[in-house]
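This report refers to the structure that appears directly beneath it.
The values are calculated or read from the model by the stated rules, or taken from the named source; none is laboratory data. This one's a predicted model, so the numbers in the text were calculated from it and none came from an experiment. Positions of Cβ are backbone-derived with ideal geometry, glycine not excepted, and every protein chain shown enters the neighbour counts. The protein model used for the area step is the full one, side chains on, heavy atoms only, and it has no ligands, DNA or RNA in it. Shrake-Rupley method; radii C 1.70, N 1.55, O 1.52, S 1.80 Å.
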Amino acid sequence: MCIRDRYQRRVHGIVNIVLPLLKSTPEEIKDMHSNPRNFINLATDSCESKDSETVKTEAAKLLDSICENIDGSLTFTCNFCCEAVKGAYAKEASLELLKEFPTLSPFSINSPFLAKNSPELITETCIMALAVLMKQIGVRGDLLGLIETTIAGNALALFGSSSNLVKSRLALLFGRYRSNLFKVSEEFFGTIMKFLFAGMAAEEALASQCADSLQTLVKASEFKARTKALVDSILPSLCGLVPSVNVPGFYEVLITIVEKHPLSVSKRVVGL
């Protein structure tokens with residue numbers, strides 16, 4: 001078998017086998033509403049220990065292994081997922097439009113993953129795949145830049161009109177960024193932090209995922225310096241959530257912010 005044929009088999013395997021297995025099932029989506037902690041735990045396990053031995057975690061293991069051991073697979077997967085997100089949120093998205101994206105083009109006509117799934121499921125699956133691979137992506141500045149450009153370029157849809165399923169996957173991805181999140185542009189960083197803080201007032205699954213990710217981020221040594229300019233705008237909103245939010249992790253996030261920015265907090269309290 002020639003190199004080109006091996007490459008085609010590999011990339012088709014990623015797109016048409018692995019990604020569909022990472023897609024949220026109807027049972028997962030039901031859990032998002034009725035058992036949000038199970039929904040979040042499965043997503044987290046798929047990105048970290050992968051111990052639960054579900055179809056999703058096994059697919060995550062396979063994707064991780066392919067991208068770690070086969071040259072070019074990580075770059076392809078990241079490019080494909082970013083282009084799929086762009087295509088899903090493009091105006092009047094269609095299979096014909098998807099042909100404009102070079103990585104998607106070979107799959108735009110005959111790919112069950114692209115042809116048979118809604119823009120919502122394509123987007124959440126691709127973001128999930130990026131979250132699974134973030135440990136590998138984190139050492140690739142070019143791929144981190146590609147993800148940043150993709151999300152920033154589709155921010156209105158992703159942060160605004162997208163479903164809570166997509167937003168939950170975004171929150172998961174940003175938690176997986178860890179220290180890399182503190183290297184992105186100031187504007188993008190501010191947008192992400194405001195999205196995560198606002199998300200804690202949403203439906204429980206999204207609120208808990210945002211809180212989980214923030215618990216990881218607020219403990220980072222870089223958090224204090226990067227959030228100093230945001231405290232004045234974020235703190236009133238957080239304090240306003242106190243009477244209504246009952247999400248595990250919310251108060252830990254709030255207390256950490258107070259500890260890291262005592263002067264800013266005291267000035268805000270005195271001004272109340």
From the list A115, A93, which one is within 27 Å of L206 (Cα to Cα) and modelled with pLDDT under 90?
-> A93
What single numbered condition from (1) open to solvent by 10 Å² or more (accessible area, probe 1.4 Å); (2) touching a residue at least 40 places away in the same chain (Cβ under 8 Å); (3) out of contact with any Phe, Trp or Tyr (no Cβ under 8 Å at 6 or more places or on another chain) fails to hold for E187?
-> (2)
Flagged in the range 100-112 as open to solvent by 10 Å² or more (accessible area, probe 1.4 Å) and either modelled with pLDDT of 80 or more or in a loop (DSSP other than H, G, I, E, B) (or both), in numbering order, are E100, F101, P102, T103, I109, N110, P112
Residue among E58, E27 that alone is more than 22 Å from G138 (Cβ to Cβ) and free of Cβ contacts under 8 Å to residues at least 12 places away in the same chain | E27
Run down S49, S34, S73 and say which single residue is more than 19 Å from K167 (Cβ to Cβ), among the small types (G, A, S) and over 18 Å from the mean Cα position of the chain (by Cα).
-> S73
Only unsatisfied item for I122, checking (1) modelled with pLDDT under 90; (2) within 26 Å of E28 (Cβ to Cβ); (3) not in a loop (DSSP other than H, G, I, E, B), is (1)
Within the range 219-236, is even one residue open to solvent by 30 Å² or more (accessible area, probe 1.4 Å), closer than 16 Å to R176 by Cα and part of a helix (DSSP H, G or I)?
-> no
Quickly run through the range 249-261 and pick out the residues that are open to solvent by less than 80 Å² (accessible area, probe 1.4 Å) and either in a loop (DSSP other than H, G, I, E, B) or β-branched (V, I, T) (or both).
-> G249, V253, T256, I257, V258, H261
What residue, of K183, K224, K194, K260, is among the basic types (K, R) and at pLDDT 85 or above?
-> K194
Could you tell me which residue of the range 198-211 is nearest to L235 (Cα to Cα), considering only residues that are assigned to a helix (DSSP H, G or I) and in contact (Cβ under 8 Å) with a residue 40 or more places away in the chain?
-> A211
What single numbered condition from (1) under 25 Å from D64 (Cα atoms); (2) in contact with a Phe, Trp or Tyr (Cβ under 9 Å, 6 or more places away or on another chain); (3) surrounded by 20 or more Cβ atoms within 10 Å (Cβ to Cβ) fails to hold for A207?
-> (1)
Flag if E53 is open to solvent by 40 Å² or more (accessible area, probe 1.4 Å) and at positive phi = yes
With respect to the numbered conditions (1) surrounded by fewer than 21 Cβ atoms within 10 Å (Cβ to Cβ); (2) more than 13 Å from the chain's Cα centre (by Cα); (3) part of a helix (DSSP H, G or I); (4) of a type in the set (A, V, I, L, M, F, W, C), which one is the sole condition not fulfilled by F195?
-> (2)
Which condition breaks for S65 when tested against (1) modelled with pLDDT of 70 or more; (2) touching a helix residue (DSSP H, G or I) at 6+ places or on another chain (Cβ under 9 Å); (3) not in a loop (DSSP other than H, G, I, E, B)?
-> (2)
Considering each of N79, N41 in turn, give the residue that is part of a helix (DSSP H, G or I), within 16 Å of the chain's Cα centre (by Cα) and within 17 Å of V139 (Cα to Cα).
-> N79
